[in-house]
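Presented below is the structure to which this report refers.
The values are calculated or read from the model by the stated rules, or taken from the named source; none is laboratory data. Quick caveat: nothing in here was measured; it's all calculated off a predicted structure. Every residue, glycine as well, gets a Cβ built from its backbone with ideal geometry; the counts of neighbours run over all protein chains shown. Just so you know, the surface numbers come from the protein's heavy atoms only, side chains and all, with ligands and any DNA or RNA stripped out. Shrake-Rupley method; radii C 1.70, N 1.55, O 1.52, S 1.80 Å.
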Amino acid sequence: MPAGAFWRLRVEVTSCSVGESYMLKWKVLNRGPEAGRRDKIRGQIVDSGKQGVRIEHSDFKGEHVVECYVVKDGVVARDRIDVPVSNTSIKTANVS
């Protein structure tokens with residue numbers, strides 16, 4: 001884990017109704033007062049490091065959002081999950 005990071009976020013595509021072959025892209029948004037205070041608001045679109053998986057690290061609590069984009073033949077499908085990071089709970093979300 002990178003220095004200063006307290007939370008490891010792993011997001012995975014468990015099913016996709018789009019037929020092979022497609023590109024998978026991710027957008028991870030840090031937002032909220034803490035992200036603004038630390039000048040860590042972000043939202044760039046990046047490729048998957050591992051097929052269907054995105055690993056992220058965070059060193060602060062707050063609102064984070066992960067969006068997944070499936071791109072095929074010029075058409076884009078998208079899904080998103082809100083990831084509230086706190087020091088008191090661990091949540092697992094299933095997104096279809």
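Per-residue accessible area (protein heavy atoms, 1.4 Å probe) orders D47, D79, D39, D59 as D39, D47, D79, D59, starting from the largest.
With contacts taken as Cα pairs under 8 Å and at least 6 residues apart, the stretch 1-52 reaches a relative contact order of 35 percent. Taking loop as defined by DSSP and a crowding limit of 16 other beta carbons within 10 Å, which GluC sites (Glu not before Pro) in the stretch 1-55 fit? In loop regions of the stretch 1-55 (DSSP not H, G, I, E or B), the sparsely surrounded GluC sites (Glu not before Pro) are E20. For the stretch 1-87, the set of chymotrypsin sites (Phe, Trp or Tyr not before Pro) satisfying both a DSSP loop assignment and a count of at most 16 other C-beta atoms within 10 Å is given as F6, Y22. Here is the list for the stretch 5-90: trypsin sites (Lys or Arg not before Pro) lying in DSSP coil, each with at most 13 other C-beta atoms within 10 angstrom of its C-beta, are R38.
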